[in-house]
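Read through the structure below, which is laid out as structure tokens, and then see the notes.
The values are calculated or read from the model by the stated rules, or taken from the named source; none is laboratory data. On a predicted model such as this, the values are computed, not experimentally measured, just so you know. Positions of Cβ are backbone-derived with ideal geometry, glycine not excepted, and every protein chain shown enters the neighbour counts. The area values use the complete protein model at the heavy-atom level, side chains included, leaving out ligands, DNA and RNA. Shrake-Rupley method; radii C 1.70, N 1.55, O 1.52, S 1.80 Å.
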Amino acid sequence: MHLQDEEDIYFMNLALEEATLAYGKGEVPVGAVLVSNGRVLSRACNLREASRDPSAHAEILAMRTSAKESDSWRLTGATLYVTKEPCIMCSGAIINARIRRVVYGCRDIKAGGVDSLYTILTDPRLNHRVDVTPGVLEQTCAGLLRRFFRERRKA
């Protein structure tokens with residue numbers, strides 16, 4: 001168990017609000033919030049089904065919005081809060097955006113690009129490395145995903 005500070009818990013709860021929105025839309029319930037200097041830059045949830053876009057993960061959508069609003073692809077100094085460990089695609093985008101820190105809720109043992117399958121964000125061979133804080137509100141984040149997939153299997 002990792003020490004969880006109040007700020008991390010606050011922003012992860014915002015990411016959980018986004019994940020709950022995705023859940024209500026029939027999307028895999030993952031939410032992301034991009035923060036800089038204590039201010040929310042953007043919020044997003046998975047929208048792959050609605051957009052018919054395989055890249056419409058919450059992390060990617062949050063980064064796209066922030067990049068457009070800041071008029072720069074560099075999101076240097078920002079922290080990305082996401083309810084589930086980012087996948088390989090999202091981890092690559094996080095590196096490319098120069099995000100400083102990623103805080104995630106639960107691990108993704110089947111597709112995780114941060115700790116579970118790969119360690120992309122901390123790979124010393126890359127030109128940028130990201131500080132990672134795993135396990136913030138882990139049980140809540142994992143519980144939402146479990147409930148979603150349990151309901152899908154019943155349907």
Shape call, the range 1-70: gyration tensor on alpha carbons, a/c limit 1.5: oblate
Protection proxy ranking, peptides 56-68, 127-139, average beta carbon neighbours within 10 Å, highest first: 56-68, 127-139
Mean Cα-pair separation over length for the range 19-108, i.e. relative contact order, pairs under 8 Å, 6 or more apart, %: 25 percent
Interchain or long-range residues, amide H under 5 Å from THR83's placed H: GLY31, GLY105
Helix-only CD estimate at 222 nm, as mean residue ellipticity for the chain, using -39500 (n - 2.57) per DSSP H run (n ≥ 4): -13000 deg cm²/dmol
Estimated dipole of the chain in Debye, rounded to 20 [Cβ of Lys and Arg +1, of Asp and Glu -1, Cα centre]: 520 debye
The chain, relative contact order [Cα under 8 Å, separation at least 6], %: 20 percent
For the chain, the Rg and Dmax computed from alpha carbons only, in angstrom: 14.3, 45
With every protein chain in place, the range 72-112: carbon and sulfur % of accessible area (1.4 Å): 57 percent
Rounded to whole Hz, the Karplus (6.51, -1.76, 1.60) HN-Hα couplings of the range 24-31, x for glycine and proline: x, 9, x, 8, 4, x, 10, x
Exposure rank, largest accessible area first [PHE149, PHE11; 1.4 Å]: PHE149, PHE11
Net charge, LEU145 excluded, C-beta distance under 14 Å - Lys, Arg +1, Asp, Glu -1: +2
Rounded to whole Hz, the Karplus (6.51, -1.76, 1.60) HN-Hα couplings of the range 69-81, x for glycine and proline: 5, 8, 6, 7, 6, 7, 10, 4, x, 7, 10, 9, 9
